[in-house]
Amino acid sequence: MLPQPTPPTALRYQPELMGLRAVAVSLVALAHWTLADFPLGEVGRLPLFVLSGYLISGIIWKNNIYWGGTGDWGRRLGIFYTRRFLRIIPPYYAALALGALLPLASLHQYPGWFLLPASNLLCYQLRHWPEGVGHYWSMAVEEQFYLLWPLLLGIIKRRAGWLWLLVLASVAYRAYSVWYQVPETPVFATVMLPASLDLFALGALLRLHTAAARTQATGTPWPAWPALATWAAWALVWLGTRQSLQAEQLWIIVYPVLGAVAGYFTLRWLMRSPPQARWLAHAWAQWLGQRSYGLYLYHLMLPVFYQRLVYHFLPTASPWRHWWLGPLPTVLVLTPLALALCAISWRWLEAPLEKLKTRFVYNAPPSVPLPVQP
């Protein structure tokens with residue numbers, strides 16, 4: 001019998017995008033470890049959300065995964081959720097188990113919010129970040145996005161105008177939330193799923209635009225200046241909105257969509273593999289990008305553990321306590337620990353789950369007739 005080809009279920013692999021994951025998650029970790037005044041973590045998070053919109057929209061459109069779609073859409077949708085579950089949830093629960101052993105108080109006080117996962121709703125209600133797991137709100141938003149997006153794209157289809165309306169609706173939601181729901185703590189207006197839909201929608205628009213460019217077979221490289229100009233504008237808006245609470249409210253409303261546009265231009269530039277970005281395809285960038293989920297899971301638990309050790313072994317009067325808790329020693333101590341943890345997570349949990357995912361394909365392989373015997 002002739003071999004039967006296995007139909008692909010993923011998009012074309014682009015090493016620069018994997019390298020971007022490494023850079024983005026590293027920026028988030030660096031921001032949390034150093035408590036940098038500049039919103040360095042958002043420079044990492046915003047392109048990641050745009051990238052998720054690009055990749056997930058591409059998978060849904062490629063495999064016709066819609067609510068009420070044609071053919072066996074229910075089976076394809078179930079496979080989509082199964083693959084997402086295998087990629088996200090088991091490593092997430094392993095991290096929760098480690099956090100509970102530390103112990104992190106929030107995991108013991110509010111276990112259900114993290115197990116669902118719905119920690120973004122918890123952060124919104126509490127108006128503060130849970131110790132060691134405060135960043136899990138963004139993963140909760142991603143998982144809620146996975147649940148919603150096949151339904152939403154089933155309504156929107158491939159209509160770019162509807163995606164732009166979704167961008168505007170997301171900005172309007174943030175404005176309403178900032179002005180009427182959380183005016184004193186506007187940052188928590190960003191933790192709900194509707195507040196991030198503009199980022200995911202820009203990723204879907206990027207998918208449409210790059211598909212159209214491939215259809216037209218245009219080989220002109222996309223320039224880097226739109227990405228640089230938009231990120232510069234983003235930084236200038238941050239500098240100009242630091243004087244008052246009203247200015248901070250304006251920043252919360254504007255910065256995600258401006259960052260989404262910057263992420264859009266950055267990703268579009270990278271997709272043409274410009275020579276200036278080839279270093280993102282380096283083996284080390286690929287290694288870290290592949291393990292970036294584990295790095296994201298554990299990076300904020302590590303400073304909690306580290307601080308407890310410093311406070312335990314160094315008395316209050318010791319001048320060394322403040323030095324060891326400074327940005328540079330913290331980064332130097334935590335970096336090898338974080339790399340070791342994400343390597344262990346990949347080797348013993350994520351890589352086996354990736355192999356298991358290959359058993360779930362959206363389209364059955366075509367039947368190949370037996371060769372006729374002479």
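The table below gives the values:
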quantity	calculated
Residue that is of a type in the set (Asp, Glu), touching a residue at least 24 places away in the same chain (Cβ under 8 Å) and closer than 27 Å to Val25 by Cα, where the choices are Glu184, Glu143	Glu143
Unique match (being in contact with a Leu (Cβ under 8 Å, 6 or more places away or on another chain) and either surrounded by 16 or more Cβ atoms within 10 Å (Cβ to Cβ) or at pLDDT 95 or above (or both)) among Tyr92, Tyr146	Tyr92
From the options Leu86, Leu101, Leu107, residue that is of a type outside the set (Val, Ile, Thr), more than 24 Å from Ala195 (Cβ to Cβ) and crowded, with 21+ Cβ neighbours inside 10 Å	Leu107
Residue in the stretch 312-320 that is in contact (Cβ under 8 Å) with a residue 40 or more places away in the chain and either surrounded by fewer than 15 Cβ atoms within 10 Å (Cβ to Cβ) or of a type outside the set (D, E, K, R) (or both) present	no
Those helices (runs of 4 or more DSSP H) lying entirely in the stretch 142-250 with at least 1 residues of a type in the set (Asp, Glu) and touching a helix residue (DSSP H, G or I) at 6+ places or on another chain (Cβ under 8 Å)	197-216
Where a residue in the stretch 239-263 is over 18 Å from Leu202 (Cα atoms) and its partner, wherever it lies, is of a type in the set (Ser, Thr, Tyr) and surrounded by 17 or more Cβ atoms within 10 Å (Cβ to Cβ), with Cβ under 6 Å and at least six apart	Ala247/Thr241; Leu250/Thr241; Trp251/Thr241
Of the criteria (1) in a helix (DSSP H, G or I); (2) touching a residue at least 12 places away in the same chain (Cβ under 8 Å), which one Arg75 fails	(2)
Positions within the stretch 269-299 being hydroxyl-bearing (Ser, Thr, Tyr) and either surrounded by fewer than 23 Cβ atoms within 10 Å (Cβ to Cβ) or out of contact with any His (no Cβ under 8 Å at 6 or more places or on another chain) (or both), in sequence order	Ser273, Ser292, Tyr293, Tyr298
Residue that is at pLDDT below 95, surrounded by 15 or more Cβ atoms within 10 Å (Cβ to Cβ) and either farther than 24 Å from Phe200 by Cβ or among the charged types (D, E, K, R) (or both), where the choices are Arg76, Arg45	Arg76
Flag if Tyr124 is more than 30 Å from Phe265 (Cα to Cα), surrounded by fewer than 21 Cβ atoms within 10 Å (Cβ to Cβ) and among the hydroxyl-bearing types (Ser, Thr, Tyr)	yes
Val28, sole failed condition from (1) within 18 Å of Leu302 (Cα to Cα); (2) modelled with pLDDT under 95; (3) of a type in the set (A, V, I, L, M, F, W, C)	(2)
Pairs with Cβ under 7 Å, 6+ apart, first in the stretch 101-121 and under 23 Å from Leu147 (Cβ atoms), second among the polar types (S, T, N, Q)	Trp113/Ser119
The stretch 281-318: number of residues that are closer than 28 Å to Leu86 by Cβ, among the aromatic types (Phe, Trp, Tyr) and in contact with a helix residue (DSSP H, G or I) (Cβ under 7 Å, 6 or more places away or on another chain)	3
The lone exception for Arg174 - which of (1) surrounded by 14 or more Cβ atoms within 10 Å (Cβ to Cβ); (2) more than 21 Å from the chain's Cα centre (by Cα) it fails	(2)
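Table: residues versus (1) modelled with pLDDT of 95 or more; (2) outside any helix (DSSP H, G or I).
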| site | (1), (2) |
| --- | --- |
| His312 | no, no |
| Trp320 | no, no |
| Ile344 | yes, no |
| Trp348 | yes, no |
| Ala351 | yes, no |
| Pro366 | no, yes |
| Pro374 | no, yes |
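The values are calculated or read from the model by the stated rules, or taken from the named source; none is laboratory data. Here the structure is a predicted model, which means the values were calculated and not measured. Cβ: placed from backbone, ideal geometry, glycine included. Neighbour counts: every protein chain shown.
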